[in-house]
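*Asks:* Here it is, the structure, as structure tokens.
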Amino acid sequence: MTNRLAAARYGRALFDVALKETDPQAVERELAAFVGMVQGHDQLGRVLVNPAVPAPRKRALVAELSARAGLSPITSKLLALLAERDRLVLLADVLEEYRRRLLDHQQVVSAAVTTAVPLAADRVSALGQAFARVTGR
């Protein structure tokens, strides 16, 4: 199984649990904060993805970081599971998949518009309404 596929499964499972048990947006914020912390500290990131560091040590580190950050049980359990299975390398991809599912649930469609000059507010609003009509979201 590829990392992308595995990350998609974890992200999908996390979203399903978050939707049933808590606020999915809060879980997204927590996961994003944790990913940002890992990406912002090179040494921490290297330790968490290094295969030479035993999984139990990674799990203990993740549990300590989760407790200090005050993460919800759902987010903490996912992080512990990823650490236990030595899959913390998937964190950014899990977050990406989770966000994709959250936006889909909220019926939000992302679009990029490139123009030569800045658009007036009424044109931006008209574009948003046109996208809403076309996508039904």
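*Asks:* So, in region 84-129, exactly how many residues are surrounded by 11 or more Cβ atoms within 10 Å (Cβ to Cβ) and among the aliphatic types (A, V, I, L, M)?
*Replies:* 14
*Asks:* Filter region 47-71 for residues that are crowded, with 18+ Cβ neighbours inside 10 Å and not in a helix (DSSP H, G or I) and give the result.
*Replies:* Leu71, the sole residue that qualifies.
*Asks:* In region 104-134, how many residues are touching a Ser or Thr at 6+ places or on another chain (Cβ under 7 Å) and not in a loop (DSSP other than H, G, I, E, B)? Talk me through it step by step, then tell me what you get.
*Replies:* The initial filter retains those residues of region 104-134 that are touching a Ser or Thr at 6+ places or on another chain (Cβ under 7 Å), namely 109.
Those still in the list that are not in a loop (DSSP other than H, G, I, E, B) too: none.
Selection size over region 104-134: 0.
*Asks:* Same structure again: Return the residues of region 82-137 that are in contact with a Phe, Trp or Tyr (Cβ under 6 Å, 6 or more places away or on another chain) and either more than 30 Å from Ala6 (Cα to Cα) or free of Cβ contacts under 8 Å to residues at least 24 places away in the same chain (or both); say none if nothing qualifies.
*Replies:* As a first pass, look at region 82-137 and keep what is in contact with a Phe, Trp or Tyr (Cβ under 6 Å, 6 or more places away or on another chain): 94, 98, 101, 111.
If the condition is that a residue be in contact with a Phe, Trp or Tyr (Cβ under 6 Å, 6 or more places away or on another chain) and either more than 30 Å from Ala6 (Cα to Cα) or free of Cβ contacts under 8 Å to residues at least 24 places away in the same chain (or both), then Ala111 is the only one that fits.
*Asks:* Here are Arg137, Arg123, Arg133, Arg101: which of them is outside the structural domain of Ala8 (by TED's automatic domain parsing) and within 27 Å of Glu30 (Cβ to Cβ)? Please lay out each step first, then the result.
*Replies:* On the way: Arg123 fails: within 27 Å of Glu30 (Cβ to Cβ); Arg133 fails: within 27 Å of Glu30 (Cβ to Cβ); Arg101 fails: outside the structural domain of Ala8 (by TED's automatic domain parsing).
That would be Arg137, the only listed residue that is outside the structural domain of Ala8 (by TED's automatic domain parsing) and within 27 Å of Glu30 (Cβ to Cβ).
The values are calculated or read from the model by the stated rules, or taken from the named source; none is laboratory data. Everything numeric here is computed off the predicted structure, so don't read it as measured data. Every residue, glycine as well, gets a Cβ built from its backbone with ideal geometry; the counts of neighbours run over all protein chains shown.
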